[in-house]
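First up is the structure itself, then whatever we jot down about it.
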Amino acid sequence: MLKADLQKSFMFARLSDKQLDRVARHAVRIHLDEGEILFQQKDPATRFYLLLSGQVKLFRLGAGGNEKVIEIVTPVSTFAEALMFLDQPTFPVGAQVMQRAHIISIDARDFSRMLRESVDTCFMLMGDMSQRLRGLIREIDNLSLSSATCRVAGYLLTKSEPEGATFDLQVPKQTLASRLSVQPETFSRIIRQLSNKGILAIHGSRVEISDRPGLSKIANVCALSEDSLEDTFHFPYRNTKSTD
């Protein structure tokens, strides 16, 4: 059963039966409730993880105790695996459960030894990490070049199905604001403006997109100047490029 759950991940699905048996022997199931901590920032990173169900947020704490959400992990995703290549790795982020989670914990040191025995497996993992790196680079571009309005619109589009106008946000608004590098009040202000324009409506955690082409247009104008953005959509506030 553990092998079958591991194979739900694209990363483990491509291992041989022998390799998968080896990973399963050293793997442990973990069940955590909402709010529980999986690991803390700077803890020794001797294991990495596969999320089977639920949600986990990865976050960093600043010197003043401010929290920045780095990633919201969703099923069926692995996380913290890149740290296995360091000599004495520690977690650069903390991990906290947002929705009751079923997690498989994998022995990073043994997995690293297995990679040394198979060049093909090592290249497979490097390919996966390269894809993730490209995603992170795109995210950096979005954070540095796009306005807060574009980021919010783009996020809502990625979470909605093309044929569906309604979906559950699933993430607390304050956490989502941190993930998009905007202040909660800025996030609420953007949602209010989009609602006033008839582009979407939010009822609790439920989002209803009334004008998907309009939302797509906003998400795709990030290259415009701030003045052009406001002239196009008549938003009565400024500084949407800032993360305030």
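Below are the figures for this structure:
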quantity	calculated
Per-residue ³J(HN,Hα) for the range 54-61, Karplus 6.51 cos²θ - 1.76 cosθ + 1.60, θ = phi - 60°, Hz, x for Gly and Pro	x, 9, 10, 9, 9, 9, 10, 9
Extension gain from Leu2 to Asp211, taking 0.36 nm per residue of separation minus the Cα-Cα distance	70.9 nm
Fewest-first ranking of Ile202, Ile209, using other Cβ atoms within 10 Å as the exposure measure	Ile202, Ile209
Long-range HN-HN contacts of Met98 with modeled amide H, under 5 Å	Gly35, Gln55, Val56, Lys57
Around Phe91: net Lys/Arg minus Asp/Glu count, Cβ-Cβ under 11 Å	+2
Karplus (6.51, -1.76, 1.60) ³J(HN,Hα), θ = phi - 60°, over the range 36-51, in Hz, Gly and Pro reported as x	6, 9, 7, 7, 9, 4, 6, 5, x, 9, 9, 9, 10, 9, 10, 8
Other-chain or far-sequence residues with amide H under 5 Å of Arg47's (modelled H)	Ala108
GluC sites (Glu not before Pro) within the range 1-107: DSSP coil, no more than 14 neighbouring Cβ in 10 Å	Glu34, Glu36
5 angstrom amide H check on Leu52, placed H, neighbours 5+ away	His102, Ile103, Ile104
Vicinal HN-Hα couplings computed from phi for the range 173-189 (Karplus, 6.51 cos²θ - 1.76 cosθ + 1.60; Hz; Gly/Pro x)	4, 5, 5, 5, 4, 5, 4, 8, 6, 10, 6, x, 5, 5, 4, 4, 5
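Any read-out appearing in this document is the output of simple, stated calculations on the displayed coordinates, not a laboratory observation. It should be emphasised that the depicted structure is a prediction, and the values quoted were computed from it without experimental measurement. Because the Cβ atoms are built from the backbone with ideal geometry, glycine has one as well, and the counts that use them run over all protein chains shown.
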